[in-house]
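Just below is one structure, and these are the notes that go with it.
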Amino acid sequence: MTFYLRTSMSNMPSLRRFAEANSTTLGQECPACGQPFEKAQPVTLIPLGPGRDPEERARARQGAFFPAVAMQVHWACATGEDDPPASPDEPPQATQS
Ligand SMILES: [Zn+2]
């Protein structure tokens, strides 16, 4: 099931950009778009929350740092920014201004 929550980029948590999915998740489906994670496709982790751990839930309620359960999605799926070209030989997409 996919949930949608009205938001804007100014409300997004700051996301860390990773150059590509780690080797265990390469080829798996991105939960946002349903396409597989491929090599050289940047990804990010979307924090979901403290999960079931009571101590981490308490930390979350107190506003302290805690290790959040997170979901991996394509960087483009999280930010709307286009992926870089698939190969260095491929020219960047032309854009109209
Ligand atoms: Zn995606």
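Tabulated values for the structure
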{"item": "Members of the stretch 15-35 found to be closer than 12 Å to VAL73 by Cβ and either of a type outside the set (S, T, N, Q) or surrounded by 14 or more Cβ atoms within 10 Å (Cβ to Cβ) (or both), listed by number", "result": "LEU15, ARG17, PHE18, ALA21, THR25, GLU29, CYS30, PRO31, ALA32, CYS33, GLY34"}
{"item": "Any pair with Cβ under 6 angstrom, 6 or more apart, that starts in the stretch 40-57 at a residue that is more than 13 Å from ALA70 (Cβ to Cβ) and ends at one that is of a type in the set (Lys, Arg) and in a loop (DSSP other than H, G, I, E, B)", "result": "PRO42/ARG17"}
{"item": "Residue match in the stretch 81-89 (condition: in a loop (DSSP other than H, G, I, E, B) and at pLDDT 95 or above)", "result": "no"}
{"item": "Selection from the stretch 22-46 of residues that are part of a loop (DSSP other than H, G, I, E, B) and touching a Pro at 6+ places or on another chain (Cβ under 9 Å)", "result": "LEU26, GLY27, GLN28, CYS30, ALA40, GLN41, PRO42"}
{"item": "Among (1) closer than 19 Å to THR79 by Cβ; (2) surrounded by 12 or more Cβ atoms within 10 Å (Cβ to Cβ) - the single one SER10 does not satisfy", "result": "(2)"}
{"item": "Subset of the stretch 38-60 [within 16 Å of the ligand (Cβ to nearest atom) and acidic (Asp, Glu)]", "result": "GLU38"}
{"item": "Hits in the stretch 1-37 (condition: under 15 Å from the mean Cα position of the chain (by Cα) and either basic (Lys, Arg) or near the ligand (Cβ under 10 Å from one of its atoms) (or both))", "result": "ARG16, ARG17, GLU29, CYS30, PRO31, ALA32, CYS33, GLY34, GLN35, PRO36, PHE37"}
{"item": "Tally, over the stretch 10-51, of residues that are of a type in the set (A, V, I, L, M) and at positive phi", "result": "1"}
{"item": "Single condition ALA70 does not satisfy, out of (1) under 15 Å from the mean Cα position of the chain (by Cα); (2) exposed (fewer than 15 other Cβ atoms within 10 Å of the Cβ); (3) part of a loop (DSSP other than H, G, I, E, B)", "result": "(3)"}
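The values are calculated or read from the model by the stated rules, or taken from the named source; none is laboratory data. Note that the structure is predicted; figures quoted are calculated from it, not measured. Cβ: placed from backbone, ideal geometry, glycine included. Neighbour counts: every protein chain shown.
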